[in-house]
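Heads up, the thing below is written out as structure tokens.
The values are calculated or read from the model by the stated rules, or taken from the named source; none is laboratory data. All figures in this text were calculated on a predicted structure; none of them were measured in a lab. Here the Cβ positions follow ideal geometry from the backbone for every residue, glycine too, while neighbour counts run over all protein chains shown. The accessibility values were calculated without ligands, DNA or RNA, using every heavy atom of the protein model including side chains. Shrake-Rupley method; radii C 1.70, N 1.55, O 1.52, S 1.80 Å.
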Amino acid sequence: MTRSTRFVLFLLAVVTLSVPVLSDLILAKVERRIDLTSQIVRITTTLKAENTGSDPVSEVLLTFPDIQANHLAYLTVTVNGGKGKAKSSSGGNLPVEVVHPEGMPPSLTVYSVSLPKGLGKGDSLLLDVLAVFTHSLQPVPEKITQSDIQLVLFQESAHYLSPYDVKVQSLSVKLPDARIESYSKLENTKLHGSEIKYGPYENLPPFSYLPIVIHFESNHPFAVAKELIREVEISHWGNVQVTEHYSLIHAGAQSKGEFSRLDYQARPYVRGASAFRRLVARLPPRAHSVYYRDEIGNISTSSLWGDSKKMDLEIEPRYPMFGGWKTTFTIGYGLPLEDFLFAVDGKRVLNITFGSPMRELVIDNLFVKVVLPEGSSEFSASVPFPVKQRQETKISHLDVVGRPVVVLEKNNVVPEHNVNFQVYYKFNCLSMLREPLMLIAGFFFLFVSCVVYMHVDLSISKSSPTYLAKLQWEEVQTNIQQLCSIINRCLTTNEKLEASLRDLSRTGDVQACKTTRKSVDSLLKDLSKELKSALTFLQSSPQAAHILPKVEELIAKERELQERLMAKHSTVVDCYEKKLSGREIENRIAPHQQKITALRQEVDDLLEFIDEI
């Protein structure tokens, strides 16, 4: 069922009911002004209430259809002193609360306005009523392309819906642009540019209705924050840090089709009329250290300007926002503490604005978190409208038990909610010394530890078993390294035998080959003595017991390798002296060569194993 159908059914239900007379109050004059120049609908109503009965009247009832009341974000009533000046003997807005009087039509929400004093017989009173609605403009069509303009539909009653008789009433509707697709043309209807006037209408009975529908162009930003987390952190060192996390969506007509960046840049106000490119935030005049960033990093498409009375931050998202498109970002800034924190009756009072500084922004869910200094107590919040309150704890740097956080939550927030609220708490000035003393103590103990470390001998005693065992193991390691070095020298000497055989096959000089053999034999004898000395030490050391078997195996394999190489060398030389053929020589040394290859691999593996140990 569409919104227009529900509205018509509601009006039919009102007409069919017989409503009892609530009081002798009448509305002598009603003037309504509806502002549709943005996504937020503001209805300002001036009521002249007269008491025609003999009993005093202490309240005035305001009625809204449920389908309209569900979108009501803000409602205030003040006493009008005449000549456009609103005043109240109570010094502010009149108390307003939801009531449920008997005999009211269904699907109506009724608000009771308590008058500052009883309205006597024949007395009259002027009241100014401001009602602010969100999500009341319906995009028609619901989906548009990049080049289309955005058209929205608004539904109301030309007659003022009231439980009282209305003598005279009029209605004016202010639109954002003179382009109007269609509007209800009733009796006494006038169109002046972008303003439509209905009435005046006289002698209207209670709950009179006259439905009107206006279909018009509205390309103003339909920026809606699905969630806004506003954190206000107090530092008694002179700063109030404000951080705001936005989750934003364009709540207008959904964008369909492809997006062309080229067309948009060429004609942004034609190929992107329904999109918004920037938002403006009105910051306090002494705001400093302002930043604007998202998950990627800092966003440079922003500008800041101001004077001693105001400061405006203009931000531009990374891409133009068409209908249904979303973005998230964070803005932050610092404020001087003396402008917002005061002392009253032994308590500290934070006095700061509640809502978002963004112009014409609708917030579906707003969380205001006031982070108090660690050590604060007896804290409470005073907000001029109903909100949900709870408490949290935030752990930050150098905190011990954490900082108390006062959390205020409100749904359906509009710019009218951006008024000052107060947070009261007690704080001992000595608590400010906690963090500096912690830093001083931390650095003091650090320096003392360094001094102690530099002057205390932490080495192990040279007579302890652990120290002696360490020295013995170091000696074992040194001997093992010497032994491995000797084995490697033996292998290098063995290579000389292989090289002499290659020279023999090339030159046939048997005598030179025998000379090399004698030189190698002499070197190997010397190396064998060194090897025996190192092995004797390892065999006598208990620390080498776990590695000694591998060392002995290595020495045995190396000696076997020497023997095989010597046998191969003697065989080849003997064959050359007998002048045997090359094939015959290969057949004779083949058994030796296979064993030599295997032994070399085993020696290499043992050396690698011992090196790892």
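Tabulated results
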{"read-out": "Residue selected from segment 168-200 under the condition of a type in the set (S, T, N, Q) and modelled with pLDDT of 90 or more, by the criterion surrounded by the fewest Cβ atoms within 10 Å (Cβ to Cβ)", "value": "S182"}
{"read-out": "Qualifying residue in segment 350-357 (condition: surrounded by fewer than 20 Cβ atoms within 10 Å (Cβ to Cβ), within 30 Å of F259 (Cα to Cα) and not aliphatic (A, V, I, L, M))", "value": "no"}
{"read-out": "Residue, modelled with the lowest pLDDT, within segment 423-442, restricted to residues that are crowded, with 16+ Cβ neighbours inside 10 Å and closer than 15 Å to V406 by Cβ", "value": "F427"}
{"read-out": "First in segment 180-202 and within 17 Å of D35 (Cβ to Cβ), second anywhere and open to solvent by less than 50 Å² (accessible area, probe 1.4 Å) and assigned to a loop (DSSP other than H, G, I, E, B), Cβ under 6 Å, 6 or more apart", "value": "S194/L175; Y198/A158"}
{"read-out": "Hits in segment 151-182 (condition: out of contact with any Phe, Trp or Tyr (no Cβ under 8 Å at 6 or more places or on another chain) and outside any strand (DSSP E or B))", "value": "Y160, Y164, A178"}
{"read-out": "Restricting segment 304-328 to residues that are more than 21 Å from A275 (Cβ to Cβ) and assigned to a strand (DSSP E or B), the residue that is most open to solvent (accessible area, probe 1.4 Å)", "value": "W305"}
{"read-out": "Residue match in segment 112-123 (condition: outside any strand (DSSP E or B), at pLDDT 80 or above and buried (at least 17 other Cβ atoms within 10 Å of the Cβ))", "value": "no"}
{"read-out": "Enumeration of residues in segment 256-268 that are open to solvent by 40 Å² or more (accessible area, probe 1.4 Å) and of a type outside the set (D, E)", "value": "K256, G257, F259, R261, L262, Q265, A266, R267"}
{"read-out": "Scan of segment 247-270 for residues that are without any contact (Cβ under 8 Å) to a residue 40 or more places away in the chain and not in a loop (DSSP other than H, G, I, E, B), ordered by number", "value": "R261, L262, Q265, A266"}
{"read-out": "Residue list for segment 329-342, restricted to those being of a type outside the set (A, V, I, L, M) and either more than 28 Å from P139 (Cβ to Cβ) or exposed (fewer than 14 other Cβ atoms within 10 Å of the Cβ) (or both)", "value": "T330, G332, Y333, G334, P336, E338, D339, F340, F342"}
{"read-out": "Unique match (being under 30 Å from V476 (Cα atoms) and open to solvent by less than 80 Å² (accessible area, probe 1.4 Å)) among L565, L580, L554", "value": "L554"}
{"read-out": "Residue within segment 392-402 that is within 30 Å of L137 (Cα to Cα), open to solvent by 30 Å² or more (accessible area, probe 1.4 Å) and either without any contact (Cβ under 8 Å) to a residue 40 or more places away in the chain or not basic (K, R) (or both) present", "value": "no"}
{"read-out": "Single condition E409 does not satisfy, out of (1) open to solvent by 70 Å² or more (accessible area, probe 1.4 Å); (2) within 30 Å of T44 (Cα to Cα)", "value": "(1)"}
{"read-out": "Scan of segment 271-301 for residues that are open to solvent by 50 Å² or more (accessible area, probe 1.4 Å) and either β-branched (V, I, T) or part of a strand (DSSP E or B) (or both), ordered by number", "value": "R282, H288, S289, Y291, R293, I296, N298, T301"}
{"read-out": "Test: residue in segment 225-244 that is among the polar types (S, T, N, Q), more than 30 Å from Q422 (Cβ to Cβ) and open to solvent by 40 Å² or more (accessible area, probe 1.4 Å)", "value": "no"}
{"read-out": "Checklist (1) open to solvent by less than 50 Å² (accessible area, probe 1.4 Å); (2) more than 30 Å from V349 (Cα to Cα) applied to H417, failing item", "value": "(2)"}
{"read-out": "V520, sole failed condition from (1) over 18 Å from V603 (Cα atoms); (2) loosely packed, with under 15 Cβ neighbours inside 10 Å; (3) touching a residue at least 12 places away in the same chain (Cβ under 8 Å)", "value": "(2)"}
{"read-out": "Segment 486-506 residues that are over 16 Å from C575 (Cα atoms), paired with ones that are open to solvent by 80 Å² or more (accessible area, probe 1.4 Å) and not in a helix (DSSP H, G or I) (beta carbon under 7 Å, 6 or more apart)", "value": "none"}
{"read-out": "Residue pairs meeting the criteria (Cβ under 9 Å; at least 6 apart or on separate chains; first farther than 17 Å from L471 by Cβ, in segment 531-550; second among the aromatic types (F, W, Y) and surrounded by 11 or more Cβ atoms within 10 Å (Cβ to Cβ))", "value": "K550/F609"}
{"read-out": "Of all residues in segment 201-223 being surrounded by 14 or more Cβ atoms within 10 Å (Cβ to Cβ), over 41 Å from the mean Cα position of the chain (by Cα) and not hydrophobic (A, V, I, L, M, F, W, C), the one that is nearest to M358 (Cα to Cα)", "value": "P211"}
{"read-out": "Enumeration of residues in segment 583-597 that are of a type in the set (A, V, I, L, M), surrounded by 12 or more Cβ atoms within 10 Å (Cβ to Cβ) and either over 15 Å from L504 (Cβ atoms) or at pLDDT 85 or above (or both)", "value": "I596"}
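Residues are listed down the side, and each one gets a yes or a no for (1) at pLDDT 85 or above; (2) open to solvent by less than 30 Å² (accessible area, probe 1.4 Å); (3) among the β-branched types (V, I, T):
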position: I460; (1), (2), (3): no, no, yes
position: S464; (1), (2), (3): no, yes, no
position: V476; (1), (2), (3): no, yes, yes
position: I486; (1), (2), (3): yes, yes, yes
position: R489; (1), (2), (3): yes, no, no
position: Q511; (1), (2), (3): yes, no, no
position: T515; (1), (2), (3): yes, no, yes
position: H546; (1), (2), (3): no, no, no
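Matching residues to (1) modelled with pLDDT of 85 or more; (2) hydrophobic (A, V, I, L, M, F, W, C); (3) within 26 Å of K394 (Cα to Cα):
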{"position": "S235", "(1), (2), (3)": "yes, no, yes"}
{"position": "S247", "(1), (2), (3)": "yes, no, yes"}
{"position": "G252", "(1), (2), (3)": "yes, no, no"}
{"position": "K256", "(1), (2), (3)": "yes, no, no"}
{"position": "A266", "(1), (2), (3)": "no, yes, no"}
{"position": "A273", "(1), (2), (3)": "no, yes, no"}
{"position": "R277", "(1), (2), (3)": "yes, no, no"}
{"position": "V280", "(1), (2), (3)": "yes, yes, no"}
